[in-house]
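Reviewing the structure listed below.
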Amino acid sequence: MEESQLERENAMSERIGLRGKAWFQALTGQNEARKGDPASVLTADAMIGDERALFLCVIPNPGGRFPCARDGQVGLEEGYTLAHRVREALNADKDKPKSQKRAIIAIIDVKSQAYGRREETAGLFLAAAASSDAYASARMAGHPVISFVVGHAFSGGFLTHGYQANRILALDDAGVTIHAMHKEAAARITRRSVEDLERLGQQIPPMSYNVHDYAKLGLLHQLLHVESPLEPNQSDVDKAKRAIIAAIVDARKGPPDLGVRRESRAAQKSRKAGIAARALMEHQWKKV
Amino acid sequence: MIEANAIPAFVNRGSFIELNGRERAQALFDRGSWRELVGPFDGVESPWLPMQGVAPQFDDGCIVIKGKISGKPAVAISLEGAFQGGSIGEVSGAKMVAALDLATIDSRDGSPTAAILLLETGGVRLQEANLGLAAIAEVIASILELRQYAPVIIVIAGTVGCFGGMALAAGVSSYIVMTREARLGLNGPEVIEQESGKDEFDASDRALIWSIHGGEQRVGMGLADDLVEDSVDGIGSAVQHFVTAGKPAQHRSEQVGLYRRRIATLDASSQIDPLALREQWKSLNSKGRTR
């Protein structure tokens, strides 16, 4: 009885991070963590087009040391391991010209950050910051950093793993959600029903859980439609690779900052207030 | 009539916490050296809150003041904890990012400009959800740019604390100054209780909360740099100290090897005793700094 319940639970948590693992395996041909790393963090150097790139992905780890980080959340080990592996690439390519610094590709299917007491006690905020720092430092040093959202990209999980990328790609699929907080919690905190929240999302794009509305914000480089987002077939993988390669080329051409997220045509429309605030700040700054 | 010397010292000290976000930022600068940018008279406010029946505010809860601290150029960015819990929306986030980027440009051009972030915030403003989260990613990116050239100093005075995505912003900074009344963490107690249950975190247990997130603990274990009394002078001189000190030799969020080893040796089989962990991680010098 107990055993079957455990199996069921394992099967469930498998499903949550299934997309990330499937895409990691499809793109790199590998599916195991490196020696010394927790089983929840998959990283590999693999070819994409005619260059070698570093791929990173966080997956569920039912046997993990930290109970609140077993279902695909980003916790202490995940944050510092991502930071370690990205910094390893950064150091290895330190003396190479920018055109030869390897691309760093984050495959994203993360539920959230870990909501645990152990994590807070040991300073999860710093683990998350260290990973953000590593990705951003790689980007600033000239590595093209590409995020590929294949499932969930939620709040602190996304800030830790993926949101510092030069270019963000996402699958065009109902199973893809990019958001600050999952529906139930957001409804509770803003004192609304889930239905109200969904209705508001249709009128107010930043509140929507639909990836098409997210695309309207101008933060995405590209939405990618594939036939089988859960278990990518060969043509899906080829298509994703072509899109990633194009994003790498585009990132190498542009500045190493996040300006593109403001400059896109969609952002000019949807982030008008923020863009106006920035322009006014620039204008007034010089007068002091 | 009460004699001046009969007023206890704690009344005379000039509490920092009792100041609002704007007064806090003003209090840091050399007298007469500062000016507020994109202030309330410019009326740049959130377009999203009125659509949801929430009253916006003319500064969107983010106050930006540029001036001099100890004679050096500096910009203070202060979040007003009393407006929407200090949460980050599209406009407040854009103001932070713009100010940080302009400080970077000046610093690169030979005029190092420190940034002081006064953070009282729960993180993303859920009414602006994805634009808030995106803004926080950009704040983190812009802090990482600026800290290469000038110190980015976080002040968490209390009493809202610094939580959610903005805790990452604190994590990538050059220095963190806290009072005993301040808290710093990714997830607040209520969020953990809600998501993982009361057994995981009892949000009504105040002793537990302060033992984990409180300023004394964070500085004690080396996750923040300076513990100061709640006074205008105390916080002011800590800020002056770090503005003058310039950037640190190494940033805490770059010390990946050190923290990876620390996490690897933690006993995670049961809850971790905060005091024991503080002892274990205790800093290499008396001020609680590991670097």
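The values are calculated or read from the model by the stated rules, or taken from the named source; none is laboratory data. Because the structure is predicted, anything quoted here is derived from the model rather than measured. Ideal geometry is used to build each Cβ from the backbone, glycine not excepted, and the neighbour counts take in all protein chains shown.
At a glance:
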| quantity | calculated |
| --- | --- |
| Wholly within segment B:167-241, helices (runs of 4 or more DSSP H) carrying at least 2 residues that are at the interface with chain A (Cβ under 8 Å from one of its Cβ atoms) | B:189-196, B:206-213 |
| Residues within segment A:59-97 that are of a type outside the set (D, E, K, R), within 11 Å of chain B (Cβ to nearest Cβ) and not in a helix (DSSP H, G or I), tallied | 5 |
| Any chance residue B:127 is under 18 Å from the mean Cα position of the chain (by Cα) and within 28 Å of residue B:213 (Cα to Cα) | no |
| Qualifying strands (runs of 3 or more DSSP E) (wholly inside segment A:104-218; at least 3 residues being at pLDDT 95 or above and either more than 15 Å from the chain's Cα centre (by Cα) or among the aliphatic types (A, V, I, L, M) (or both)) | A:104-110, A:145-154, A:167-171 |
| Whichever residue in segment B:40-82 is in a loop (DSSP other than H, G, I, E, B) and facing chain A (nearest Cβ under 9 Å) and, among such residues, is farthest from residue A:279 (Cα to Cα) | B:48 |
| Residue in segment B:122-139 that is more than 9 Å from chain A (Cβ to nearest Cβ) and part of a helix (DSSP H, G or I) present | yes |
| Some residue of segment A:116-133 being hydrophobic (A, V, I, L, M, F, W, C), surrounded by 24 or more Cβ atoms within 10 Å (Cβ to Cβ) and more than 17 Å from residue B:185 (Cβ to Cβ) | no |
| Subset tally (residues that are small (Gly, Ala, Ser) and touching a residue at least 60 places away in the same chain (Cβ under 8 Å)) for segment B:191-223 | 3 |
| Qualifying positions in segment B:241-253 - crowded, with 18+ Cβ neighbours inside 10 Å and modelled with pLDDT of 95 or more | B:242, B:243, B:251, B:252, B:253 |
| Near pairs, Cβ below 9 angstrom, 6+ apart or cross-chain, from segment A:174-203 (in contact (Cβ under 8 Å) with a residue 24 or more places away in the chain) to any residue that is among the small types (Gly, Ala, Ser) and assigned to a loop (DSSP other than H, G, I, E, B) | A:179/A:208; A:180/B:123; A:180/B:164; A:181/A:112; A:182/A:112 |
| Residue, farthest from the chain's Cα centre (by Cα), within segment B:140-166, restricted to residues that are part of a helix (DSSP H, G or I) and not small (Gly, Ala, Ser) | B:145 |
| Condition broken by residue A:264, with the remaining ones in (1) under 27 Å from residue A:160 (Cβ atoms); (2) outside the structural domain of residue A:107 (by TED's automatic domain parsing); (3) in contact with a helix residue (DSSP H, G or I) (Cβ under 9 Å, 6 or more places away or on another chain) satisfied | (3) |
| Subset tally (residues that are of a type in the set (Asp, Glu) and either without any contact (Cβ under 8 Å) to a residue 60 or more places away in the chain or touching a strand residue (DSSP E or B) at 6+ places or on another chain (Cβ under 8 Å) (or both)) for segment B:224-252 | 2 |
| Breaking point among (1) buried (at least 24 other Cβ atoms within 10 Å of the Cβ); (2) under 12 Å from the mean Cα position of the chain (by Cα), for residue B:133 | (2) |
| Hits in segment A:204-224 - residues which are of a type outside the set (Val, Ile, Thr) and facing chain B (nearest Cβ under 7 Å) | A:206, A:207, A:214, A:217, A:219 |
| Scan of segment A:41-70 for residues that are under 18 Å from residue A:104 (Cα atoms) and surrounded by 19 or more Cβ atoms within 10 Å (Cβ to Cβ), ordered by number | A:41, A:42, A:43, A:44, A:48, A:53, A:54, A:55, A:56, A:57, A:58, A:59 |
| Elements of type helices (runs of 4 or more DSSP H) in segment A:225-288, at least 2 residues being more than 9 Å from chain B (Cβ to nearest Cβ) and either within 15 Å of residue B:98 (Cα to Cα) or of a type in the set (Val, Ile, Thr) (or both) | A:234-253, A:260-263 |
| Residue in segment B:98-105 that is facing chain A (nearest Cβ under 8 Å), of a type outside the set (Val, Ile, Thr) and closer than 24 Å to residue B:218 by Cβ present | no |
| Selection within segment B:270-291 - part of a loop (DSSP other than H, G, I, E, B), at pLDDT below 95 and out of contact with any Gly (no Cβ under 8 Å at 6 or more places or on another chain) | B:284, B:285, B:286, B:287, B:291 |
| Matching residues in segment A:132-167 - criterion: being basic (Lys, Arg) and either more than 9 Å from every other protein chain (Cβ to nearest Cβ) or in contact with a His (Cβ under 7 Å, 6 or more places away or on another chain) (or both) | A:167 |
| Residues located in segment A:260-288, provided they are loosely packed, with under 13 Cβ neighbours inside 10 Å and either of a type in the set (Ser, Thr, Tyr) or within 19 Å of the chain's Cα centre (by Cα) (or both) | none |
| Residue list for segment A:98-124, restricted to those being under 30 Å from residue A:254 (Cβ atoms) and among the hydrophobic types (A, V, I, L, M, F, W, C) | A:103, A:104, A:105, A:106, A:107, A:108, A:110 |
| Test result for residue A:193, closer than 24 Å to residue B:126 by Cα, in the same structural domain as residue A:175 (by TED's automatic domain parsing) and crowded, with 20+ Cβ neighbours inside 10 Å | no |
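Quick grid of which residues meet (1) farther than 30 Å from residue A:197 by Cα; (2) crowded, with 16+ Cβ neighbours inside 10 Å; (3) at pLDDT 95 or above:
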residue: B:23; (1), (2), (3): yes, no, yes
residue: B:27; (1), (2), (3): yes, yes, yes
residue: B:40; (1), (2), (3): yes, no, yes
residue: B:44; (1), (2), (3): no, yes, yes
residue: B:50; (1), (2), (3): no, no, yes
residue: B:53; (1), (2), (3): no, no, no
residue: B:59; (1), (2), (3): no, yes, yes
residue: B:69; (1), (2), (3): yes, yes, yes
